[in-house]
Amino acid sequence: MSVHTLSRRRTSAATERWVFASCAAQVVVTTVHHVRGAAIFDTPGRYHSVLVALILLAVSTVTYILARATTGTRQNVTWWMFWTTTLLGFAVVFGVVEGFITHVVTPILRQGYPSDEPFDFLFEVTGILHIAPAVITAILSVRLVRARRSRTTDTP
């Protein structure tokens, strides 16, 4: 194994940890946002989003640990589960849908926020803030796939 290949593997491992950190940041943002929304709008159903975020983080954590601890096919399957969970769950669902569509696009299309809910600055800011960790997760996930593909196409 060449020094260049070892360097890429270390870089990939560091990137995986940063993906995990951005997912954890997304859980924090989601928790603050939805707990605040449930409290100020008296909508306890918003707590379900916190539960979904925690389940996604648990799945990401378990698959990340298994991918680091196994080899062969099991490692490939768990790594792709980790990658898919982080990209679809944290970047797409929480970033694109919750952050961008719900808190940016919808208010623009409606020309304002819903009249049945009072405007709350912290709630809206934390809603929009979902976008930041989602973008980081998406960028790093693309880097991981590129690194993984280049590693599998290397010849010894």
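Run the simple label-point estimate for LEU66 and VAL104 please: 7 Å along Cα→C-beta, distance reported in nm.
In this crude label model, LEU66 to VAL104 measures out at 3.4 nm.
For the stretch 112-124, just list the computed ³J(HN,Hα) in residue order, Karplus coefficients 6.51, -1.76 and 1.60, θ = phi - 60°, integers in Hz, with x standing in for Gly and Pro.
Ordered by residue, 3J(HN,Hα) equals x, 8, x, 6, 7, 10, x, 5, 10, 4, 4, 4, 5 Hz.
Could you tell me which chymotrypsin sites (Phe, Trp or Tyr not before Pro) in the stretch 55-156 are loop residues by DSSP with no more than 14 other beta carbons within 10 angstrom of their beta carbon? It would help to have the intermediate numbers written out before the result.
On the way: sites: TYR64, TRP79, TRP80, PHE82, TRP83, PHE90, PHE94, PHE100, PHE119, PHE121, PHE123; in loops: PHE119.
Counting only loop positions with at most 14 other Cβ atoms within 10 Å, the chymotrypsin sites (Phe, Trp or Tyr not before Pro) in the stretch 55-156 are PHE119.
Over the chain, one equal point on each Cα, no solvent: what is log10 I(q)/I(0) by the Debye formula at q = 0.09, 0.14, 0.20, 0.21 Å⁻¹?
For the chain, the Cα-only Debye profile gives -0.36, -0.71, -1.17, -1.26.
Carbon-plus-sulfur fraction of the accessible area of the chain, 1.4 Å probe, in percent?
Values: 6230 of 9110 Å².
It is 68 percent, rounded to a whole number.
Using 0.36 nm times the number of residues separating VAL28 and ARG151, minus their current alpha carbon distance, what extension gain do you get? It would help to have the intermediate numbers written out before the result.
Numbers: separation 123, 0.36 × 123 = 44.28 nm, distance 3.32 nm.
In short, 41.0 nm is gained.
Toward the positive end of the charge dipole of the chain, about the Cα centre and with charges on Cβ (Lys, Arg +1; Asp, Glu -1), which of ALA147, TYR64, THR15 goes farthest?
ALA147
Please compute the per residue accessible area over the chain with all protein chains in place, 1.4 Å probe, rounded to a whole number of Å².
Details: 9110 Å² over 156 residues.
Dividing the accessible area of the chain by its residue count gives 58 Å².
Working from Cα positions, state the angle (0 to 90°, nearest 10) between the long axis of helix 3-41 and the longest principal axis of the chain.
Orientation of helix 3-41: about 20 degrees from the principal axis.
The values are calculated or read from the model by the stated rules, or taken from the named source; none is laboratory data. Predicted model, so just to flag it, every value in this text is computed and none were measured. Note: ideal-geometry Cβ built from the backbone for every residue, glycine included; neighbour counts use all protein chains shown. Side chains are part of the model used for accessible areas, which takes the heavy atoms of the whole protein and leaves out ligands, DNA and RNA. Shrake-Rupley method; radii C 1.70, N 1.55, O 1.52, S 1.80 Å.
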